[in-house]
Amino acid sequence: MTSYDQLLKNNKKWAKIKIEEDPEYFERLVNVQKPEFLWIGCSDSRVPPNEITQTKPGEMFIHRNVANLVVNTDMNMLSVLQYAVEVLNIKHIIICGHYGCSGVKAAISNKMNGVIDFWLTHIKDVYRLHSKELDILPEDARLNKLVELNIQEQALNLAKTNIVQKSWSRHHFPHIHGWVYDLHDGVIKPVCEIVPNKDWEDKIYRFQK
């Protein structure tokens, strides 16, 4: 049996167990999707959002990409964000990275990696903004600090969008939460939070109502 055949076998076993435990389990999922959270996280296979937060199917809307970036030209991410905020009425957006992120590590090297270098430029920009703080740190501490700073910048990028600001003006949600997951112990560390209609130092990003 191939590895992907095993996945299909596991799926059938899981579905059978779910129905045995609760005959209406899948029927409820088909008819209802009312998640309270939008999770924007890293594509890293070691950071499964539902498992590390113990959320069930239907409780969290999920988008993942390399190094959990919020880029204002990424139509995939923006489409997910708009649907989550305007259709699902998400109350909380969680932007979650993780220590030891390979994408962040690649971004702070000067090695060429191919097409992904275009994407990682956004992390290099975060480094440039905080270079004085980062350059004095040892290598491992520098990487972990950049992971945290990247989360803060991506949380701010979410707040800059007209999608979020329009919802703030109408509904006073969503709250934006910046978290970092530690692979070593499985614990999530909150690093920042942006509440609706928070005053920013850079008011150029604020849209008029």
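The values are calculated or read from the model by the stated rules, or taken from the named source; none is laboratory data. As the structure is a computational prediction, the values presented were derived from the model and not from experiment. Because the Cβ atoms are built from the backbone with ideal geometry, glycine has one as well, and the counts that use them run over all protein chains shown. We work out accessible area using only protein heavy atoms, side chains counted, and drop any ligands, DNA or RNA first. Shrake-Rupley method; radii C 1.70, N 1.55, O 1.52, S 1.80 Å.
Of all the listed residues (ARG128, ARG142), the sole one being surrounded by fewer than 19 Cβ atoms within 10 Å (Cβ to Cβ), modelled with pLDDT of 95 or more and in contact with a helix residue (DSSP H, G or I) (Cβ under 6 Å, 6 or more places away or on another chain) is ARG142. Remark: pairs (first residue in segment 6-35, farther than 30 Å from VAL85 by Cβ; second residue of a type outside the set (Ser, Thr, Tyr) and open to solvent by 100 Å² or more (accessible area, probe 1.4 Å); Cβ separation under 9 Å; 6+ apart in sequence or on different chains) = LYS9/MET1; ASP22/ARG28.
When segment 67-92 is filtered for residues that are surrounded by fewer than 14 Cβ atoms within 10 Å (Cβ to Cβ) and aliphatic (A, V, I, L, M), the ones remaining, listed by number, are MET75, VAL87. A count restricted to segment 152-207 and to residues that are of a type in the set (Ser, Thr, Tyr) and open to solvent by 30 Å² or more (accessible area, probe 1.4 Å) stands at 2. Does segment 157-164 contain any residue that is charged (D, E, K, R) and either in a loop (DSSP other than H, G, I, E, B) or closer than 20 Å to ASP44 by Cα (or both)? Checked against the condition, which is being charged (D, E, K, R) and either in a loop (DSSP other than H, G, I, E, B) or closer than 20 Å to ASP44 by Cα (or both), segment 157-164 yields no hits at all. With respect to (1) under 15 Å from the mean Cα position of the chain (by Cα); (2) open to solvent by 60 Å² or more (accessible area, probe 1.4 Å), the lone exception for ILE95 is condition (2).
Residue-wise test of (1) in contact with a helix residue (DSSP H, G or I) (Cβ under 6 Å, 6 or more places away or on another chain); (2) among the charged types (D, E, K, R).
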position	(1), (2)
ASP22	no, yes
VAL30	no, no
ILE40	no, no
PRO49	no, no
ILE52	no, no
VAL66	yes, no
LEU69	yes, no
MET75	no, no
GLN82	yes, no
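Residues considered: ARG46, ARG64. Of these, the only one that is under 30 Å from ALA155 (Cβ atoms), in contact (Cβ under 8 Å) with a residue 12 or more places away in the chain, in contact with a strand residue (DSSP E or B) (Cβ under 7 Å, 6 or more places away or on another chain) and open to solvent by 50 Å² or more (accessible area, probe 1.4 Å) is ARG64. The one condition from (1) open to solvent by 30 Å² or more (accessible area, probe 1.4 Å); (2) over 14 Å from the mean Cα position of the chain (by Cα) that PRO35 does not meet is (1).
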